[in-house]
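Student: After the structure tokens below, expect a handful of questions from me.
The values are calculated or read from the model by the stated rules, or taken from the named source; none is laboratory data. Bear in mind that the values here come from a model prediction, so they are computed numbers and not experimental data. Counting neighbours? That spans all protein chains shown, and the Cβs are built from the backbone with ideal geometry, glycine included. What goes into the accessible areas is simple: the full protein's heavy atoms, side chains included, and nothing from ligands, DNA or RNA. Shrake-Rupley method; radii C 1.70, N 1.55, O 1.52, S 1.80 Å.
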Amino acid sequence: MSTHPRQPPSGQPEDPYSGPSEYLPRQANPSWMGHVQPENYRPAPGHQGGPVHDVLPPQVQGRALEAARSRGGLAGLTVAGSLLAFLSLFLVVPFLLSNTGTAGFLIGFLASLLPLSVVLLAVHVIDKWEPEPKRLLFFAFTWGAAVSIAATLLIQPFFVLAFQFSDVPDLQTYMATVQAPIVEEFAKSLGLLLLLLLARRHFDGPVDGVVFAFTIAGGFAFTENILYFGRAIAESANPASDFAQVFFLRGVMSPFAHAIFTGTTGLIMGFAARRWHAGAAVGAFFLGLLPAMFLHNRWNSMGQGFLVDYVVVQVPIFFLAVGGIVLLRVAEKRLTRQRLLEYSAAGWFTPAEVELLGTVGGRRTALNWAAGYGRRQHMKEFLKAATQLANTRQRILSGRDVSLHQAEERQQLQRILALRAAVTG
């Protein structure tokens, strides 16, 4: 007998178990992002309690449908990252001041906030479905803004010593097209590797990889922009004109340059996170560096024909990145919905709830309804917990660390019941 208080209304999607009996349900792989091997598939654990009741009244559900990890390790990573970032400032800040002067530094700092805001706004939009812990985003930003800059400054001299250059322009070309892509991408992506190894409960897939990569790259570009904007003021005979030119090139035409470079590394590492293994994480790190370094090299190699290369090559790359992120978001939502459908078949959610949890419009309606009864925070936690549960199930179906993730799954299912009770009162 079904544990649902009512049958799904007409128009609901088919239950993944409703077809012919198969070891792997027909809809278990709703997208390329969450592919499951048949031998790794396990049914969701059954709900042994009483029937679950919808968290929203039926009439509110109708409007909604029409509108549409270890805490100790996390704290340790945050503290260690903050300490490392603080120490890095003792190298980074003097370097910036020596190149920009006090006035250039202050103006450069303020001007750099504008392109940084654009990148962080993009991160917020991308991360809206399953928001990452703010502590991890803070770690990512400070890693990019301080630690990766310090690492670059420490490694750069070795590249200079290893290169036999004939004149200064020759050295500058080498530093821009060889040293910068290799050293900067390695330094930025090292933060991604630490996140994947030490906070893997929150690094679930390619969308998370892009979010963390964009945040790290945004921090790096922020500090680098202070240097370039400040230099334009400190070293120029016509500071206003040169600053305007540099700001237009870096702040208007290319605020996402570093984000796209490092984003390719985060994307590849995110796919590795779907099938967790420490060796795969390290392998994905080095593999992901290749496209990032290549794109960085191509960007820094633009010279006399900069405008043509920018329009013909860089603009299409940007729109390709936007399209790829949109596809990732769609695939992430489909995967969340499918995994929750499997819990629905086991009695943990009603089919109407799955539709509510699986759409942006449904979630917005649920939050608005809960706010009217002073339960918005409980509903927000319920939505977040359901998404995390779907991601945990995906990790179980990857076939790695199954017992560990099943123990986490049991805890999350109990939390779902507690949050449901808090929401429904």
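Student: Given the residues Arg364, Arg334, which is the only one that is under 26 Å from Ala259 (Cα atoms) and part of a helix (DSSP H, G or I)? Break it down into steps so the answer makes sense when it comes.
Tutor: On the way: Arg364 fails: under 26 Å from Ala259 (Cα atoms).
Only one candidate passes the filter, namely Arg334.
Student: Please pick out the residue among Arg395, Arg363, Arg375 that is open to solvent by less than 50 Å² (accessible area, probe 1.4 Å), charged (D, E, K, R) and more than 28 Å from Tyr41 (Cα to Cα). Walk me through it before giving the result.
Tutor: Details: Arg395 fails: more than 28 Å from Tyr41 (Cα to Cα); Arg375 fails: open to solvent by less than 50 Å² (accessible area, probe 1.4 Å).
On inspection, the qualifying residue turns out to be Arg363.
Student: Take Tyr174 and decide whether it is open to solvent by 10 Å² or more (accessible area, probe 1.4 Å), touching a Lys or Arg at 6+ places or on another chain (Cβ under 8 Å), farther than 30 Å from Leu74 by Cβ and in a helix (DSSP H, G or I). Steps first, answer last, please.
Tutor: Values: open to solvent by 10 Å² or more (accessible area, probe 1.4 Å): yes; touching a Lys or Arg at 6+ places or on another chain (Cβ under 8 Å): no; farther than 30 Å from Leu74 by Cβ: yes; in a helix (DSSP H, G or I): yes.
Here the answer is no, as Tyr174 does not meet what is asked.
Student: Go through segment 378-425 and report how many residues are touching a Ser or Thr at 6+ places or on another chain (Cβ under 8 Å) and hydroxyl-bearing (Ser, Thr, Tyr).
Tutor: The total comes to 1.
Student: Then there's this: Farther than 30 Å from Asn391 by Cα and either assigned to a helix (DSSP H, G or I) or in contact with a Phe, Trp or Tyr (Cβ under 8 Å, 6 or more places away or on another chain) (or both): is that true of Phe261 in this structure?
Tutor: Values: farther than 30 Å from Asn391 by Cα: no; either assigned to a helix (DSSP H, G or I) or in contact with a Phe, Trp or Tyr (Cβ under 8 Å, 6 or more places away or on another chain) (or both): yes.
It is false that Phe261 is farther than 30 Å from Asn391 by Cα and either assigned to a helix (DSSP H, G or I) or in contact with a Phe, Trp or Tyr (Cβ under 8 Å, 6 or more places away or on another chain) (or both).
Student: Whether any residue in segment 183-192 is more than 14 Å from Ala284 (Cβ to Cβ), of a type in the set (Ser, Thr, Tyr) and assigned to a helix (DSSP H, G or I) is what I want to check.
Tutor: No: zero hits.
Student: Here's a follow-up. I need the full set of residues from segment 154-171 which are of a type outside the set (A, V, I, L, M) and in a helix (DSSP H, G or I), in order please. Show your work before the answer.
Tutor: Of the residues in segment 154-171, the ones of a type outside the set (A, V, I, L, M) are 156-159, 163-167, 169-170.
Scanning segment 154-171 gives Gln156, Pro157, Phe158, Phe159, Pro169, Asp170.
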